[in-house]
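The values are calculated or read from the model by the stated rules, or taken from the named source; none is laboratory data. None of these values were measured; they are calculated from a predicted model. Ideal geometry is used to build each Cβ from the backbone, glycine not excepted, and the neighbour counts take in all protein chains shown. Heads up: the accessible areas ignore ligands, DNA and RNA and are worked out on the full protein's heavy atoms, side chains in. Shrake-Rupley method; radii C 1.70, N 1.55, O 1.52, S 1.80 Å.
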Amino acid sequence: QADLLAVHKDVSSGALRMVPGGTNNGHLVYTDANGHMLMAGYTSLATYGDNQAGGWRVISMASYQTIMKPADESFDRMMEILLATLLGAGVLGAWIARRQVKPLLKLTEGAKKIAAGNYQTRVVATTHDEIGELANTFNWMAEAMAKKTSERIQAQEALSRVNAELEQRVGQRT
């Protein structure tokens, strides 16, 4: 006589032997005797018939890797999308930063030229925001400095002429 139902060795002697008796259904992740990770789902069957036959439990086992493969693939795809998004955000951020800093670098270069005495230096305002306003103010300052320097030079020249004239008069009297 052949057995119609076979009992898996993990049910008779392994990790599944200790499936909680009070719990009607659930799952369990365990490592079998061969070292493979498995997941077992179990449920109790209801009693039936006049003689209340029952007390049966159904246990279904599958490889943990097989069950988790779709979730792992989905996670990997999400990580690829996340990394691509982060890379794109980094590149975009660097591009925006360069675009914002370029006019400031031009202003700094112009300020250094004025500090060296080149009062004819002007900066082209390429934007209509605060940086563009700063560039226009910078040009106004450079123009005012050039005008004041020109006035000072003219005053020094006039003073030199008057001084030379006074020295000549003093020289004629002595």
- Query: How do the strands (runs of 3 or more DSSP E) wholly within segment 1-100 filter down when requiring 1 or more residues that are modelled with pLDDT of 90 or more and under 30 Å from A125 (Cβ atoms): which remain?
  - Reply: none
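Can you report the number of residues in segment 135-171 which are under 18 Å from G110 (Cβ atoms) and open to solvent by less than 90 Å² (accessible area, probe 1.4 Å)?
In the first step, residues of segment 135-171 are kept if they are under 18 Å from G110 (Cβ atoms); the result is 135-149.
Then keep just the ones that are open to solvent by less than 90 Å² (accessible area, probe 1.4 Å); that gives 135-139, 141-142, 144-146, 149.
Total satisfying the criteria: 11.
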- Name the pairs whose Cβ atoms lie under 7 Å apart, with the first residue in segment 100-116 and without any contact (Cβ under 8 Å) to a residue 12 or more places away in the chain, the second open to solvent by less than 90 Å² (accessible area, probe 1.4 Å), and 6 or more positions between them or separate chains? K113/T121
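Does segment 158-170 contain any residue that is out of contact with any Ser or Thr (no Cβ under 7 Å at 6 or more places or on another chain), under 30 Å from H36 (Cβ atoms) and assigned to a helix (DSSP H, G or I)?
No; the residues of segment 158-170 include none that is out of contact with any Ser or Thr (no Cβ under 7 Å at 6 or more places or on another chain), under 30 Å from H36 (Cβ atoms) and assigned to a helix (DSSP H, G or I).
Say we look at segment 64-101 and pick out the residues that are of a type in the set (D, E, K, R) and under 30 Å from E133 (Cα atoms); which of these is least open to solvent (accessible area, probe 1.4 Å)?
R99
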- Note on the structure: All conditions in (1) surrounded by 12 or more Cβ atoms within 10 Å (Cβ to Cβ); (2) under 29 Å from I96 (Cβ atoms) are true of D129 except (1)
- Candidate set: segment 26-45, residues that are of a type in the set (G, A, S) and under 10 Å from M61 (Cα atoms); chosen: the one least open to solvent (accessible area, probe 1.4 Å): A40
- Kindly provide the set of residues from segment 102-125 that are outside any helix (DSSP H, G or I) and surrounded by 12 or more Cβ atoms within 10 Å (Cβ to Cβ), ordered by number. N118, Y119, T121, R122, V123, A125
